[in-house]
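Down below is the structure, laid out as structure tokens.
The values are calculated or read from the model by the stated rules, or taken from the named source; none is laboratory data. Keep in mind it's a predicted model, so treat the numbers as computed, not measured. When we count neighbours, we look across all protein chains shown, and the Cβ atoms used for this are built from the backbone with ideal geometry, even at glycine. Ligands, DNA and RNA are excluded from the accessible area calculation, which covers all protein heavy atoms including side chains. Shrake-Rupley method; radii C 1.70, N 1.55, O 1.52, S 1.80 Å.
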Amino acid sequence: MKNPYSFGRSAALALSLFAFSAPVLHAQAEGSRLVLLNGRSLPLANVSFEGGKFVVKTASDSFAPGNSFPLAAASHVSGEKPAAINRGTALILLEEPAKALEQLEPVVTSHRVTSQVPGNYWLEAARSAVIAYYLYNEPGKAEALGKEIADATTDPGVEPVVKLGQALSLPLTVKFDDRLKALTGLISDNNPEEINAFASYFAAKLLKKVDRNDEALEHYLSVGCLYPAGGLILTSAAEMNAADLVKLKPDRREEALSLLTSAARGSKGTALGAAATKALDGLK
């Protein structure tokens, strides 16, 4: 029996974390730079991390091949956030984990070198990929990547996103109340806001499935109100789903329109943005 968040898989989309060509990886890292404490920087695509040190691969920006420097010499990552992260996260929330992994895996691979550098884009992409792996019924890959996240961050123990994925992949044989508790139990001040936002969102979806709509609406609205640091994509997905519940209530059509307008703007350029715009046009 399938669990409520396991959405099937296609052999043609049996993706491997490392099954991407060099041109694709370069495209994902293009524009991102590793900035050092002394102000110098070099393209992310031109550096590797070996034996606890960054190593320059080819001559670039006054850096010679083989030049190396310790992790402590890195200040941050510069450049725009890869658009694939938002596209992939949006596809997770639209229940399309296989397509989400097509977007997320290249970012996880190409940005892995900066996993321990402040301001990196790897962590967000990796957490989203862990969730997608669980929804795509790939727990082994999810746990392996979750361990990488735990090793790269300062918090000890199992990365909370692994616990979130495990909660999402519980089978229908597990009682509804236990599945709900597994999700709501992850909403904690001790967890990153991103995890709280995901947990609240998926708890709302679970509640909606059994027509506990008022509770579902409360969880959807809490995503943007209580956990805005979870990101615009999560907030937009919650707003779109909240609008679907609000529009059923008397005299709250304008509120539903406002929620959909915000959702469409916040997720522009993703499949979620297209879905929110379609819903907004249908309500007008």
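The table for this structure:
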| item | result |
| --- | --- |
| Index of the failed condition, Asp178 passing every other in (1) open to solvent by 50 Å² or more (accessible area, probe 1.4 Å); (2) at pLDDT below 95; (3) not polar (S, T, N, Q) | (2) |
| Identity of the residue in segment 121-133, under 10 Å from the mean Cα position of the chain (by Cα) and open to solvent by 10 Å² or more (accessible area, probe 1.4 Å), that ends up farthest from Ala45 (Cα to Cα) | Arg127 |
| Scan of segment 159-169 for residues that are open to solvent by less than 20 Å² (accessible area, probe 1.4 Å) and either of a type in the set (Asp, Glu) or closer than 15 Å to Leu206 by Cβ (or both), ordered by number | Glu159, Leu164, Gly165, Ala167, Leu168 |
| Residue, most open to solvent (accessible area, probe 1.4 Å), within segment 134-158, restricted to residues that are over 19 Å from Gly119 (Cβ atoms) and at pLDDT below 90 | Pro156 |
| Any helices (runs of 4 or more DSSP H) falling wholly within segment 134-222 and containing at least 2 residues that are of a type in the set (Phe, Trp, Tyr) and closer than 20 Å to Glu124 by Cβ | 193-209 |
| Pairs with Cβ under 9 Å, 6+ apart, first in segment 159-186 and over 19 Å from Ile92 (Cβ atoms), second surrounded by fewer than 17 Cβ atoms within 10 Å (Cβ to Cβ) and of a type in the set (D, E, K, R) | Pro171/Lys2; Leu172/Lys2; Phe176/Lys209 |
| Subset of segment 244-284 [over 20 Å from Thr89 (Cβ atoms) and not in a helix (DSSP H, G or I)] | Lys247, Leu248, Lys249, Pro250, Asp251, Arg252, Lys284 |
| Top-ranked residue in segment 201-210 [being over 15 Å from Ile131 (Cβ atoms) and of a type outside the set (A, V, I, L, M); ranked as least open to solvent (accessible area, probe 1.4 Å)] | Lys208 |
| Given (1) aliphatic (A, V, I, L, M); (2) touching a helix residue (DSSP H, G or I) at 6+ places or on another chain (Cβ under 7 Å); (3) modelled with pLDDT of 95 or more, number of the condition Ala29 does not satisfy | (3) |
| Leu260 being under 16 Å from Thr184 (Cα atoms) and buried (at least 18 other Cβ atoms within 10 Å of the Cβ) | no |
| Check on Leu172, open to solvent by 10 Å² or more (accessible area, probe 1.4 Å), more than 26 Å from Leu44 (Cβ to Cβ) and either hydrophobic (A, V, I, L, M, F, W, C) or in contact with a Lys or Arg (Cβ under 9 Å, 6 or more places away or on another chain) (or both) | yes |
| Among residues of segment 223-243, those that are open to solvent by less than 60 Å² (accessible area, probe 1.4 Å), in a helix (DSSP H, G or I) and at pLDDT 95 or above, counted | 13 |
| Enumeration of residues in segment 183-200 that are open to solvent by 10 Å² or more (accessible area, probe 1.4 Å), aliphatic (A, V, I, L, M) and over 13 Å from Val162 (Cα atoms) | Ile187 |
